[in-house]
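The values are calculated or read from the model by the stated rules, or taken from the named source; none is laboratory data. Since the model is a prediction, treat every value here as computed from it, not as a measurement. We place every Cβ from the backbone using ideal geometry, glycine too, and count neighbours over all the protein chains shown.
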C-alpha cells in the first residue's frame, strides 16, 4: 500500500503541475497521464485553439522527457519521421541521422494531414518501441509516447487514420472549450508571459517508469476483468457496429484502469474506473454500420447503451 501511495503522490504532483498551464481540465489531464502510465499512446481530437499542442508540451516539461514535434503535411516522407542513413565521404561509411521519432514524447501534430504511407511510419514505433531503417533496428528510449492531434471538423486535404493506426492509440481524448472562469484565468495567466515558459519538471523519466511498474501491482478482481472483456465483446455483436473493438482494446483497458486506480490513490480497481475510461478507450476503435451512420448515430451513444446493458459480474440489480 505504501508503494501505491508514494506513486500516487508523484502522479498527483505531475497533474497539478500540468494544471498550471492547462486550466480547468484536470479530468482530461488525469486520463492523459493514465495513458502514459499504462504505456499507451494518445490521440487528441479537438477543434483548433483549445490547447492540444500545449498539453503535450506541458506533459513533457513536467516529467523531464525529451520532446519533438512533427508537423504532418501531405509532402512529409517516412524518412522525415524515423530518420535516414547518409553516406559520409570522409569515412566511407553510412551514418544514421535520427528522425524526431527518436524522442521520448513525440507530438504528431495534425497527423491526418499526411499520406497513409507516412502515417504508417509510426506503426512500428508505437507497437514495438523500435524503428527499422535500412535493415537496422534501433530501440526507442523509454518512456516513449506518441501524442497525435487532429481536427474533427476539417476534412479537406486530410487522410483519415486507418483502423490499424487508430487501434494503436490507447485513448482518444478531447479538451473541449474552457468555462467562462477558466478562459478568464487563461487570459490573466498570459498577460505578460506564457506559463509554459516557467514550467519546471516535477518528475523524471525514471519516475514515470516507476509509475508504470507500480501500476502493475494494482489488483484487478476477476469480476472486473470479466466486465472489461464483456464490454469489449459486446461491441462486436452490436447491431449498429460493423467492426467492434479488438483484443488490444481489452488489454489497453486493463492497463488503463490500473493506471487510473493508481492516480486515485487506490491499489485496486473498481467498475467505475472501467466506466470512466470506456469512451476514451473504446469510441475511436468502433466502426458504425452504414445504417447507423445514416441515422446520425455516434459511437458515444453506442457506448452509452453498452454501459447500461452489460452487467457487472457479481453485482445485484
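Below is a table of values for the structure above.
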quantity	calculated
Region 209-223, residues that are in contact with a strand residue (DSSP E or B) (Cβ under 9 Å, 6 or more places away or on another chain) and either assigned to a helix (DSSP H, G or I) or surrounded by 16 or more Cβ atoms within 10 Å (Cβ to Cβ) (or both)	218, 220
Search result, residues across region 206-260 that are outside the structural domain of residue 36 (by TED's automatic domain parsing), in contact with a helix residue (DSSP H, G or I) (Cβ under 9 Å, 6 or more places away or on another chain) and free of Cβ contacts under 8 Å to residues at least 40 places away in the same chain	225, 229, 233, 247, 250, 253, 254, 257
Some residue of region 237-248 being assigned to a strand (DSSP E or B) and closer than 22 Å to residue 15 by Cβ	no
Positions within region 151-175 being surrounded by 13 or more Cβ atoms within 10 Å (Cβ to Cβ) and over 19 Å from residue 252 (Cβ atoms), in sequence order	151, 154, 158, 159, 175
Selected residue [touching a residue at least 12 places away in the same chain (Cβ under 8 Å), surrounded by fewer than 20 Cβ atoms within 10 Å (Cβ to Cβ), within 30 Å of residue 218 (Cα to Cα) and touching a strand residue (DSSP E or B) at 6+ places or on another chain (Cβ under 8 Å)] from 66, 85	66
Those residues of region 243-286 which are surrounded by fewer than 16 Cβ atoms within 10 Å (Cβ to Cβ) and in contact with a strand residue (DSSP E or B) (Cβ under 8 Å, 6 or more places away or on another chain), in sequence order	243, 268
Verdict on residue 24 being more than 21 Å from residue 160 (Cβ to Cβ), touching a helix residue (DSSP H, G or I) at 6+ places or on another chain (Cβ under 9 Å) and in a loop (DSSP other than H, G, I, E, B)	yes
Residue that is under 23 Å from residue 27 (Cα atoms) and at pLDDT 90 or above, where the choices are 258, 236, 248	258
Qualifying residue in region 90-108 (condition: within 27 Å of residue 46 (Cβ to Cβ) and touching a residue at least 60 places away in the same chain (Cβ under 8 Å))	yes
Tally, over region 32-63, of residues that are surrounded by fewer than 23 Cβ atoms within 10 Å (Cβ to Cβ) and assigned to a helix (DSSP H, G or I)	4
